[in-house]
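Scroll down for the structure; my scribbles are underneath it.
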Amino acid sequence: MMTDMNYGGVEMVVMNYYRHIDRTKVQFDFFALEGSAVPQREEIERLGGRVYIVPKYTHLSAYEKEIIRLFKQNQYKIVHSHMNTLSVFSLWGAKKAGIPNRIAHNHSTAGKGETKKNIIKYALRPFAKIYPTKLCACSQYAGEWLYGKNTEFQVFNNAIDLSRYSYDPQKAATVRKELGLEDKLVVGHIGRFCYQKNHDFLIDIFNEIHKQRQEAVLLLIGEGELEQDIRNKVKKLGLTDSVRFMGKQKDTSKFYQAMNCFVLPSRYEGLPVVGVEAQAAGVPCVMADVVTPETKILESTAFVSPEESAVNWAMAVLESTSHYQKKDTSAEMRKAGFDIVTEAEKLERFYYKLL
């Protein structure tokens, strides 16, 4: 069970697991809300899964009626909901349909500034444990935030295919040449242009970096409702030639190869997949300290408070790139539990234990 299926982090996590689980033993169907682009539909169907588009939960009666109908029609043994606090709606429907195994999986927390969203999250949080039979989360922090510190839940890491992201000097040189970045200091960010990701502050940070390093370039990968505002700010600061808006990318792995540093100044986060990907590519990271500490896999990853000045953030970025040499970090990533092959096997065993 999903909310919107576009190119978001949760969708990436679920698809990573789906690609690597033994689909002769476990098969997924995907439920997404009306308005979802579902760019993964062709791949899902090729791998044997089905995609169902259901009414938005804001039309609760229609939503519940349709999911209950489909649950009964397909006689699922397990419903795994990745809707965070909104899982109360999908799992209530699963219980009404008689689904014996109902999993709530949390990927998020609450952050400052999004009052409307936070009101909904805090209002629904007390119901998080009523309808699931099992609780899961992407990190210890995300699990404790939703379910409570004294509650048992299973953590499944936001694991990735390490072979796709591991640092390759030849590939890095090719990508940098392709993008015209051979002699540049490349700062990277991947994320939707929305309040949570704090692009406005990211531009302030890069502005300070650019004052020190005129050859610096900022790669922005993603799209969203605040993109035009950010474009306007970049133009106002005279950074148009140094900030690259790369749009939505189906495959982001090559861009990490080109980066000298990955910056994530989010206002709030769970355990961001992009942080895992960047470290898998050997890229030093500077992230907001609201990101769960479990995201720090490598010593080269640093945390800075979003309350710190843009100057201090810029200093942290420049410091992270001053001595560090990118390298293959596959061994460290695998040891930390972020190899999707191992984690998918763990999820498969989890399902079988339920059955």
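The values are calculated or read from the model by the stated rules, or taken from the named source; none is laboratory data. Owing to the predicted nature of the structure, the values given are computational and were not obtained by experimental measurement. Because the Cβ atoms are built from the backbone with ideal geometry, glycine has one as well, and the counts that use them run over all protein chains shown. Side chains are part of the model used for accessible areas, which takes the heavy atoms of the whole protein and leaves out ligands, DNA and RNA. Shrake-Rupley method; radii C 1.70, N 1.55, O 1.52, S 1.80 Å.
The residue that is nearest to Thr109 (Cα to Cα), among those in the range 284-341 that are of a type in the set (Asp, Glu), modelled with pLDDT of 95 or more and touching a Leu at 6+ places or on another chain (Cβ under 9 Å), is Asp339.
Quick one: would you say Arg267 is under 26 Å from Glu294 (Cβ atoms), in contact with a helix residue (DSSP H, G or I) (Cβ under 9 Å, 6 or more places away or on another chain), touching a residue at least 12 places away in the same chain (Cβ under 8 Å) and among the basic types (Lys, Arg)? So Arg267 passes the test.
Every listed requirement among (1) of a type outside the set (Asp, Glu); (2) open to solvent by 10 Å² or more (accessible area, probe 1.4 Å); (3) in contact with a Phe, Trp or Tyr (Cβ under 7 Å, 6 or more places away or on another chain) is met by Lys233 save one, (3). Across the range 310-336, the qualifying residues are those that are touching a strand residue (DSSP E or B) at 6+ places or on another chain (Cβ under 9 Å) and closer than 30 Å to Lys25 by Cα, and the one among them that is surrounded by the most Cβ atoms within 10 Å (Cβ to Cβ) is Met333.
Given the structure, is Ile221 open to solvent by less than 10 Å² (accessible area, probe 1.4 Å) and more than 19 Å from Gly282 (Cα to Cα)? Considered against the rule, which asks whether it is open to solvent by less than 10 Å² (accessible area, probe 1.4 Å) and more than 19 Å from Gly282 (Cα to Cα), Ile221 comes out as no.
Of the numbered criteria (1) open to solvent by less than 20 Å² (accessible area, probe 1.4 Å); (2) over 16 Å from Ala137 (Cβ atoms); (3) not basic (Lys, Arg), the one His20 fails is (1). The helices (runs of 4 or more DSSP H) falling completely within the range 1-80 that include 1 or more residues that are of a type in the set (A, V, I, L, M) and touching a Pro at 6+ places or on another chain (Cβ under 9 Å) map to 60-74. Taken over the range 292-309, the criterion of being of a type in the set (A, V, I, L, M, F, W, C) and open to solvent by less than 50 Å² (accessible area, probe 1.4 Å) is satisfied by Ile297, Leu298, Ala302, Val304.
Summed over the range 61-90, residues that are without any contact (Cβ under 8 Å) to a residue 24 or more places away in the chain and among the hydrophobic types (A, V, I, L, M, F, W, C) total 1. Restricting the first member to the range 226-252 and to residues that are under 14 Å from Phe201 (Cα atoms), and the second to residues that are among the polar types (S, T, N, Q) and surrounded by fewer than 17 Cβ atoms within 10 Å (Cβ to Cβ), the beta-carbon pairs closer than 7 Å and six or more apart or on different chains are Val234/Thr240. Picking from residues in the range 70-81 that are surrounded by fewer than 23 Cβ atoms within 10 Å (Cβ to Cβ) and touching a helix residue (DSSP H, G or I) at 6+ places or on another chain (Cβ under 7 Å), the one that is nearest to Tyr147 (Cα to Cα) is Ile78. Ala258 passes every criterion in (1) surrounded by 15 or more Cβ atoms within 10 Å (Cβ to Cβ); (2) out of contact with any Lys or Arg (no Cβ under 6 Å at 6 or more places or on another chain); (3) at pLDDT 95 or above apart from (2). Scanning the range 91-120 for residues that are open to solvent by 30 Å² or more (accessible area, probe 1.4 Å), touching a residue at least 12 places away in the same chain (Cβ under 8 Å) and in a helix (DSSP H, G or I) turns up Trp92, Lys95, Lys96, Ile120. Filtering the range 23-56 to residues that are touching a residue at least 24 places away in the same chain (Cβ under 8 Å), open to solvent by 40 Å² or more (accessible area, probe 1.4 Å) and within 20 Å of Ser87 (Cα to Cα) leaves only Gly35. Look at the range 306-335: where a residue is under 15 Å from Glu208 (Cα atoms) and a partner is open to solvent by 30 Å² or more (accessible area, probe 1.4 Å) and part of a helix (DSSP H, G or I), sitting 6+ places away or on another chain with Cβ atoms under 6 Å, you get Ala310/Asp204; Ala310/Glu208; Val311/Glu208; Ala314/Glu208.
Looking across Ala142, Ala137, Ala172, Ala123, one residue alone is at pLDDT 95 or above and out of contact with any Lys or Arg (no Cβ under 9 Å at 6 or more places or on another chain). It is Ala137.
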